[in-house]
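Notes follow the structure.
Throughout, read-outs are computed from the coordinates displayed, never taken from laboratory work. The structure presented is a predicted model; accordingly, all values stated were derived computationally and were not measured. With ideal geometry, Cβ positions are generated from the backbone for all residues, glycine too; neighbour counts draw on all protein chains shown.
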Amino acid sequence: MTAIEFLDRPPTGWFVLDVMRFEARKRNWVALMIDVDPDELGSRKAREVWVRIPGKHRSRDAAWDALQDLAVTRH
């Protein structure tokens, strides 16, 4: 079994599966990302990474928006 990596920036071309709290009752959030389009998961093996979402966010939606902003600033 391979350990999952933690990154500070989302990899280009990867897909977000979910955004979740890093620790219960904290405002630190991470995103689970994979290198395969979720529609192709049945036919391909995926690599996965956790991406730290900078800042403190009260809700999942706020964390998701921050992740999207981070991805847009890279392009």
(request) Give the residue that is nearest to E5 (Cα to Cα), with candidates limited to residues of the stretch 20-73 that are among the small types (G, A, S) and surrounded by 15 or more Cβ atoms within 10 Å (Cβ to Cβ). (result) A31
(message) So the check is Cβ under 7 Å with 6+ separation or different chains; which pairs have a first residue in the stretch 29-54 that's in contact (Cβ under 8 Å) with a residue 12 or more places away in the chain and over 16 Å from A71 (Cβ atoms) and a second one that's part of a loop (DSSP other than H, G, I, E, B) and charged (D, E, K, R)?
(response) V36/R44; A46/D35; R47/D35
